[in-house]
Amino acid sequence: MKGAAKAAANDASESQEMTHAWLFTGFGREEAALAFAASLLCRDVGCGACADCTTVLAGSHGDLELIKTDGLSIKIDDVRELVQRASWSPSTANYRVVILESAERLTDSAANALLKAIEEPGLRTVWILCAPSDVDVIGTIRSRVRVLAFVAPASLSVTTSAEILKLPFEIKDVAGAFAAAAKIVELAKSGAEAVAEELNDEEIRKAKEAWGQQGSKLTAGGSKAIKELEKGQKSRQTRMVHDTLDTILLDIAVKYRDQLVGAGSDAEKTKIIAKIDAVMDARARLARNAAPLLTLEALMVSLRAGV
Ligand SMILES: [Zn+2]
């Protein structure tokens, strides 16, 4: 990824290495897409500190189109409009970067409307699609993008995520629902913890260095700064658990959507739609800071078989 960004920074028009259409998959794909966008729009290959980097990471950079979708599908009209905006010349940076989150929710006609744009995006436009896995987008898209798969942190491996996604479909009774909820929350927590701990230690080490720690003694100002930092790290970890759970729930909703396509009777369809609604409702509740375990328990009870 760095190589591509560097090549892009050096010379867009002559670079063989630069790809203009990407598909990011796996754990942390959306964060990775933003980091990649920052590396393209920053004058210093993604320094992380300049105005370009900070506005990209906040999703508000003028040459970034960050498309998040709350609905279950991305429709052709949305894509047509987006393709048009993507073709504008960049205003301040070398590129216009389009990040399309939840590309798995493109309807087939919307995906087709996107084909030409990602095939010939123009030298100054870079598309980054994000989806849980490469099989979640149709083959015609897949064959036109370069796929970058992100591996989950050790404690939330790909196998584990596959295992998590199976859970809701194997629930037979209320006890099973509670067990599934506990397992999902536990895995999200330990996954977030593993990532957070690594970040935390490094930040504390740097902060102590900056405050000139000698031996075990810190200045008064330094101790206060470290306390503030630790507070920030705690809330970040909570946010990471929420983000992980949200990703899991979205992936579960997509599984139900796939089921819907193959559903036979209307009664069966109605049941599946109710389950999708329940998943989306749980996401909304988590976004309003509802307790994760309670929310997941209620959800899993309504997802159990035979309901
Ligand atoms: Zn920068």
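Sub-7 Å Cβ pairs linking a first residue in the stretch 41-58 that is at pLDDT below 80 to a second residue that is open to solvent by 60 Å² or more (accessible area, probe 1.4 Å) and more than 6 Å from the ligand (Cβ to nearest atom), at least 6 apart or interchain, are VAL45/LYS6, ordered by first then second residue.
Only residues that are within 26 Å of ASP251 (Cα to Cα) and open to solvent by less than 30 Å² (accessible area, probe 1.4 Å) were counted in the stretch 46-90, giving 8.
Taking the stretch 28-61 only, how many residues are of a type in the set (D, E, K, R), away from the ligand (no atom under 11 Å from the Cβ) and more than 20 Å from ALA86 (Cβ to Cβ)?
Step one: list which residues in the stretch 28-61 are of a type in the set (D, E, K, R), which gives 29-31, 43-44, 52.
Right, trim to away from the ligand (no atom under 11 Å from the Cβ) and you get 29-31.
Now drop any that are not more than 20 Å from ALA86 (Cβ to Cβ), which leaves 31.
Count: 1.
Scanning the stretch 131-160 for residues that are open to solvent by 50 Å² or more (accessible area, probe 1.4 Å) and at pLDDT 90 or above returns ILE138, THR140, ARG142, SER143, ARG144.
Yes or no, residue by residue, for (1) basic (Lys, Arg); (2) in contact with a Phe, Trp or Tyr (Cβ under 8 Å, 6 or more places away or on another chain); (3) part of a helix (DSSP H, G or I):
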| residue | (1), (2), (3) |
| --- | --- |
| LYS255 | yes, yes, yes |
| ALA274 | no, no, yes |
| ARG283 | yes, no, yes |
| GLU297 | no, yes, yes |
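Do we have any residue at all in the stretch 163-173 that's at pLDDT below 75 and open to solvent by 60 Å² or more (accessible area, probe 1.4 Å)? No, every residue in the stretch 163-173 fails to be at pLDDT below 75 and open to solvent by 60 Å² or more (accessible area, probe 1.4 Å). Filtering LYS231, LYS269 for residues that are in contact with a helix residue (DSSP H, G or I) (Cβ under 9 Å, 6 or more places away or on another chain) and over 20 Å from ALA182 (Cβ atoms) leaves a single hit, LYS269. Away from the ligand (no atom under 16 Å from the Cβ), within 17 Å of PHE24 (Cα to Cα) and open to solvent by 10 Å² or more (accessible area, probe 1.4 Å): is that true of LEU100 in this structure? No.
The values are calculated or read from the model by the stated rules, or taken from the named source; none is laboratory data. Computed from a predicted model, the values in this text were never measured in an experiment. Cβ: placed from backbone, ideal geometry, glycine included. Neighbour counts: every protein chain shown. Accessible surface areas use protein heavy atoms only, side chains included; no ligands, DNA or RNA. Shrake-Rupley method; radii C 1.70, N 1.55, O 1.52, S 1.80 Å.
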